[in-house]
Amino acid sequence: QVMKRAGERWQYLIDGQPERAWDYLSTGVQSTESREDYARGMKQRPVHWLAVEPLEAECEPTRCDVRIKLEYEITIPGGGAGPTRAPAWIYERWILQGRAWVHVPKDFL
């Protein structure tokens, strides 16, 4: 279930719907930034996410660390060659809040 939710959250970001990805954040994180501010901030990032693949999860009863592969594209200032496309492997922390798994960005850990 946690890997499915992690993939869904990233798919919303890929599809340009960060306001829907906000629903996958913990209530503590949501209390620090409105849905509108979160969406605006995500849309202003210089990176364009292209694809997501949740790879594995290491879990305890109420916490999981999810390993994800992302494909992204970014234009490097002064690079001259146009956008650069690359993979990234990241870890995300997810916690069980009520009956749902929610994401806690590393800035909040």
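Per-structure values
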| read-out | value |
| --- | --- |
| Tally of residues being outside any strand (DSSP E or B) and either touching a helix residue (DSSP H, G or I) at 6+ places or on another chain (Cβ under 6 Å) or small (Gly, Ala, Ser) (or both) across the stretch 41-56 | 2 |
| Which numbered condition GLU73 fails, given (1) closer than 20 Å to LYS43 by Cβ; (2) surrounded by fewer than 14 Cβ atoms within 10 Å (Cβ to Cβ) | (2) |
| Flag if GLN17 is out of contact with any Phe, Trp or Tyr (no Cβ under 8 Å at 6 or more places or on another chain) and at pLDDT 95 or above | yes |
| Condition met for ASP65 (assigned to a helix (DSSP H, G or I) and over 25 Å from PRO83 (Cβ atoms)) | no |
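The values are calculated or read from the model by the stated rules, or taken from the named source; none is laboratory data. In this text, all values refer to a predicted model and were calculated from it rather than measured experimentally. Glycine gets a Cβ as well: all are built from the backbone with ideal geometry, and neighbour counts include every protein chain shown.
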